[in-house]
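Beneath this line is the structure, given in structure tokens, with notes to follow.
The values are calculated or read from the model by the stated rules, or taken from the named source; none is laboratory data. Just so it is clear, the model here is predicted, and its values are computed rather than measured. With ideal geometry, Cβ positions are generated from the backbone for all residues, glycine too; neighbour counts draw on all protein chains shown. The protein model used for the area step is the full one, side chains on, heavy atoms only, and it has no ligands, DNA or RNA in it. Shrake-Rupley method; radii C 1.70, N 1.55, O 1.52, S 1.80 Å.
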Amino acid sequence: MAMNLTKESGEALISEVLDAYPEEVKEERRKHLYMNDSEMENTSKCLTANRKSQPGVMTVRGCAYAGSKGVVWGPVKDMVHISHGPVGCGQYSWGTRRNYANGTAGVDNFVVMQVTSDFQEKDIVFGGDKKLEQLLREIKEMFPLAKGITIQSECPIGLIGDDIEAVAKEMSKELDMPIIAVRCEGFRGVSQSLGHHIANDTVRDHALGKAEPKDETPYDVAIVGDYNIGGDAWASRIILEEMGLRVIAQWSGDGTLNEMQTTHKAKLNLLHCYRSMNYICRHMEEKYGIPWMEYNFFGPSKIEESVRKIAEHFDDKIKANAEKVIEKYKGRMQQIIDRFKPRLEGKKVMLYVGGLRPRHVIGAYEDLGMEIVGAGYEFGHNDDYDRTLEEAKESTLIYDDATAFELETFVDKIKPDLVGSGVKEKYVFQKMGVPFRQMHSWDYSGPYHGYDGFEIFARDMDMAINAPVFKKMTPPWKEQ
Amino acid sequence: MSDTLVIKDHNTVFAEERYQVSQEKKKAFEAAAAPEKVAEVAAYTKSPEYKEKNFDRKSLTINPAKACQPLGAILVASGFDGCLPYVHGSQGCVAYFRSHFNRHFKEPFAAVSDSMTEDAAVFGGQKNMVAGLKNAYEIYKPKMIAVSTTCMAEVIGDDLNAFINNSKKDGAVPEDFPTPFAHTPSFVGSHLTGYDNMLRGILFYLTNKIEKSETDNGKINIIPGYDGYSVGNIREIKKMLESMGVEYTILGDNSDILDTPMDGTYHMYSGGTTIEEVKEAKNAKATFSLLPDSTPKVSKTFIKDDWEQPLEMIVPLGIDGTDAFLGKVSEITGKPVSAELEKARGRALDAMADSNYYLHGKKFAIFGDPSYVEALVDFYMEMGAEPSHIVITTATKKVGRTLQKKLDETTFGKNATVHFGHDLWHLRSLIADEAVDFIVGSTHGKQLAKEFDIPLVRIGFPIFDRHHLHRYPVFGYEGVINILNWTVNTLLDDLDNKATFNLDMVR
């Protein structure tokens with residue numbers, strides 16, 4: 001049975017965990033763990049987020065390269081993204097993120113490729129700029145339909161003094177295509193987060209506004225910060241289209257260079273992942289006066305709220321359409337809830353994901369009668385935790401950049417019915433007999449966004465929580 | 001009726017017309033090439049002209065079959081009792097290594113980083129090392145910490161020996177706490193090199209101050225090598241040796257930690273070679289390296305020179321490979337190959353005879369690491385199959401040429417070409433130019449298999465998209481049956497999928 005967390009028992013649990021740490025770690029980690037309190041106006045007093053991880057504690061976090069190549073740029077399908085440096089980074093991030101894209105692999109869709117400069121010792125000693133030049137020419141030869149190239153820097157690039165910006169500029173002219181140098185070396189910043197920011201800045205400088213759309217309508221919107229994991233962006237797009245809106249760009253799942261280049265003509269930017277793409281939205285607001293809003297397409301309650309909020313930006317026709325869309329799916333959503341809620345009601349969930357989902361999926365769980373008792377971000381900033389204050393219930397345990405030790409201890413004590421986190425955590429908790437879903441990759445399922453996604457989400461949570469296997473851990477001869 | 005509620009997921013939902021319409025609308029904003037143009041370019045990329053340009057590449061690597069050093073380092077480190085793999089450098093690397101192993105073994109993988117960032121790039125990572133060792137030691141209570149490096153630490157020239165010693169002086173961990181280490185730059189060699197360096201580091205650290213005894217202890221040492229099948233293989237090796245009554249030490253036994261039970265507790269450490277066993281291993285009769293590609297340094301400069309032991313490099317895969325291994329074990333230990341093993345050998349031969357007609361004369365392409373590729377090619381030739389394209393990204397010129405020469409003199413392998421240092425984009429051109437009946441390799445071959453409609457027999461690393469294969473041995477006579485099972489049944493599935501009138505009930 002799951003533990004009933006109160007403010008007091010939660011604080012006691014936090015203290016217990018902190019007591020296992022050496023003094024310096026204890027002091028630092030104290031600033032990353034707290035019990036949610038909706039009375040608070042913001043989290044500045046109880047939390048310091050986006051700080052360096054302590055050495056040796058087993059953080060789950062990745063790096064700036066992961067944030068740029070893996071998240072923001074990697075899904076842009078008609079460009080070739082070079083993992084510039086040694087072979088590993090590109091190898092480990094090859095085809096593992098499930099950002100689906102239509103097209104012919106290796107011909108006009110390069111998402112599923114691992115393209116690297118495979119640095120050798122001589123490249124470190126003598127520099128890699130010459131190699132990069134030649135490599136760019138070879139890409140043009142190998143992939144004649146590529147619309148552009150990004151250079152995703154790995155750690156050594158920034159340390160050996162290569163001038164990849166100069167190479168990019170020069171070669172861009174020679175090859176007559178955008179070539180974009182991205183300084184996302186893994187040692188920059190404290191997590192993936194800075195990589196998102198750096199990637200956003202390069203989109204701003206080298207892609208945005210560089211082409212004009214064929215036509216414009218008053219209903220043009222862009223989906224920003226949806227990486228089409230398991231087809232999420234497609235399942236969101238279809239709702240917007242049913243509302244009568246025209247989606248002119250997807251950033252960046254199943255995205256293209258042209259979509260990014262022409263987004264400055266959108267009438268409204270719809271921001272899904274605030275953490276990774278708020279930067280470009282703020283920029284477009286400032287420079288082009290394009291409003292942006294965050295929306296949430298997880299679970300029918302949040303979808304309805306968001307659909308109405310989006311419609312507010314448009315005329316009565318769209319507002320009427322919004323109501324029609326909501327009405328259209330109501331019956332089906334009720335069927336889903338009727339089917340799964342009895343099996344999931346009252347189940348307690350702990351989440352530990354990236355920078356958005358710990359707050360965004362809460363509504364979907366609640367639609368199924370489930371309760372979030374713990375939530376945390378790998379690389380959230382304080383503004384993410386501020387946004388979580390109202391989404392999470394009172395006395396939810398909140399953990400920022402949790403260590404493996406913290407997560408294991410929290411789960412061991414709280415005994416939730418489900419943990420939603422990443423692949424590094426999955427097998428740990430399954431061994432402990434706790435049902436688990438990967439909430440980065442949707443555990444090779446999805447989509448989870450949109451009305452269609454909620455059906456799959458509900459099915460998957462049921463499959464995890466009600467899996468017979470977790471009830472068999474004690475052999476019959478040991479049962480009392 | 002809720003019971004009849006059909007839920008469609010990503011596998012089927014997007015085929016619905018409403019999604020097709022939506023995705024058609026999206027195309028208006030993509031400025032993509034016309035479908036005819038895409039088809040034309042797709043055809044061009046399979047042409048001889050393209051192949052020539054593809055093989056002319058000097059700087060560009062596309063879809064390589066290799067990873068970097070620290071990956072191998074932490075894999076071998078995980079095979080020692082209570083050992084926590086520790087990587088000095090950027091933290092993102094460790095997140096990648098761990099998830100890479102999680103996806104292959106479907107198991108947890110514990111490893112820490114000391115999270116070096118910009119300040120460490122300027123001032124060096126000593127502060128991170130001191131704090132990292134201290135924190136890892138206190139929080140995760142290891143018996144040993146094996147330190148390797150990322151390329152960041154290597155580029156700035158951090159000195160592990162000095163940093164670790166200074167950390168001990170600072171009281172981060174006790175002076176006598178074992179902290180073997182190895183420099184594992186990602187821009188040199190591959191995951192195989194990292195395995196080699198870290199293993200050498202561990203063996204040296206734990207035994208360099210120990211006097212070798214006058215007489216050997218009668219045991220043999222086994223080095224498993226960088227192996228995606230270590231769970232199944234190590235257990236199979238143990239089974240075979242035990243059946244002969246041979247005493248052994250596995251140096252880096254990760255068969256337990258990569259296959260822990262679901263019993264309600266997370267076992268962060270489980271099994272593994274103990275420090276005492278490593279110390280005693282110095283006095284063994286001989287050491288066997290089962291995947292020599294992962295042990296060039298260990299074997300050349302260490303087992304022979306430091307431990308002064310005979311070193312046998314035999315991959316116990318296929319009939320000949322297993323025969324050679326068991327024969328050598330018997331020769332060295334004086335223990336005869338058991339009747340039980342002879343029976344197992346007979347069963348393997350029996351299985352080979354059953355499947356012979358579906359493999360004999362079949363052409364195949366293969367990619368992977370040198371030792372595995374060579375042993376698998378040998379085995380498939382025992383079945384009468386003929387290698388065509390052999391791609392080994394991690395092979396040196398010497399390894400590649402030696403293998404080519406060996407194959408040139410064989411009946412079934414004389415038409416094979418060994419492409420060392422090449423990648424899977426080269427393999428694509430090779431297959432486009434000359435088709436094969438099946439491909440052998442890791443999950444990374446699935447795009448090729450799909451594109452050319454050629455069955456992929458998944459043997460290699462990593463295998464992300466199939467379950468449980470790593471639990472089965474590919475070594476020994478048992479391994480012969482497993483490889484046969486996967487291969488012949490993959491080919492038969494393919495035959496059935498493509499069958500019309502010939503959907504035979506009996507094959």
### Task
Please indicate, with yes or no, whether at least one residue in the range B:465-486 is more than 16 Å from residue B:362 (Cβ to Cβ), within 14 Å of chain A (Cβ to nearest Cβ), hydroxyl-bearing (Ser, Thr, Tyr) and open to solvent by less than 30 Å² (accessible area, probe 1.4 Å).
no
### Task
Would you confirm whether any residue within the range A:441-453 is of a type outside the set (S, T, N, Q), within 30 Å of residue B:139 (Cβ to Cβ) and in contact (Cβ under 8 Å) with a residue 24 or more places away in the chain?
no
### Elements of type helices (runs of 4 or more DSSP H) contained in the range A:68-145, each with 2 or more residues being under 30 Å from residue A:439 (Cβ atoms), facing another protein chain (nearest Cβ under 9 Å) and at pLDDT 95 or above
A:88-92
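Find the residue count for the range A:463-480, including only residues that are facing another protein chain (nearest Cβ under 10 Å) and not in a loop (DSSP other than H, G, I, E, B).
Of the residues in that region, 2 qualify.
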### Query
Out of the residues in the range B:114-123 that are open to solvent by 20 Å² or more (accessible area, probe 1.4 Å) and hydrophobic (A, V, I, L, M, F, W, C), which is farthest from residue A:187 (Cα to Cα)?
B:123
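For (1) closer than 19 Å to residue A:258 by Cα; (2) of a type outside the set (A, V, I, L, M), each residue gets a yes or a no:
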{"site": "A:97", "(1), (2)": "no, yes"}
{"site": "A:124", "(1), (2)": "no, no"}
{"site": "A:131", "(1), (2)": "no, yes"}
{"site": "A:155", "(1), (2)": "no, yes"}
{"site": "A:166", "(1), (2)": "no, no"}
{"site": "A:169", "(1), (2)": "no, yes"}
{"site": "A:180", "(1), (2)": "yes, no"}
### Query
Which ones in the range B:8-41 are under 17 Å from residue A:449 (Cβ atoms) and buried (at least 17 other Cβ atoms within 10 Å of the Cβ)?
B:9, B:10, B:13, B:14, B:19, B:22, B:26
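Quick one: which residue in B:104, B:100 is in a helix (DSSP H, G or I) and more than 8 Å from chain A (Cβ to nearest Cβ)?
B:104
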### Query
Among B:146, B:153, B:162, which is over 23 Å from the mean Cα position of the chain (by Cα) and within 14 Å of chain A (Cβ to nearest Cβ)?
B:153
### Task
For the range A:1-50, name all the residues that are within 11 Å of chain B (Cβ to nearest Cβ) and either buried (at least 21 other Cβ atoms within 10 Å of the Cβ) or in a loop (DSSP other than H, G, I, E, B) (or both).
A:17, A:20, A:21, A:22, A:25, A:29
### Summary
The correct count of residues that are in contact (Cβ under 8 Å) with a residue 24 or more places away in the chain, in contact with a strand residue (DSSP E or B) (Cβ under 8 Å, 6 or more places away or on another chain) and part of a loop (DSSP other than H, G, I, E, B) in the range B:455-499 is 3
### Query
If a residue has to be of a type in the set (D, E, K, R) and either out of contact with any helix residue (DSSP H, G or I) (no Cβ under 9 Å at 6 or more places or on another chain) or open to solvent by 10 Å² or more (accessible area, probe 1.4 Å) (or both) to count, how many in the range A:53-76 make the cut?
1
### Query
How many of the residues in the range B:48-85 are within 12 Å of chain A (Cβ to nearest Cβ) and either basic (Lys, Arg) or in a loop (DSSP other than H, G, I, E, B) (or both)?
12
### Task
With the condition kept exactly as written, say whether any residue in the range A:430-449 is hydrophobic (A, V, I, L, M, F, W, C), open to solvent by less than 10 Å² (accessible area, probe 1.4 Å) and facing another protein chain (nearest Cβ under 10 Å).
yes
### Task
Kindly check whether there is at least one residue in the range B:124-141 that is more than 8 Å from every other protein chain (Cβ to nearest Cβ), buried (at least 24 other Cβ atoms within 10 Å of the Cβ) and not in a helix (DSSP H, G or I).
yes
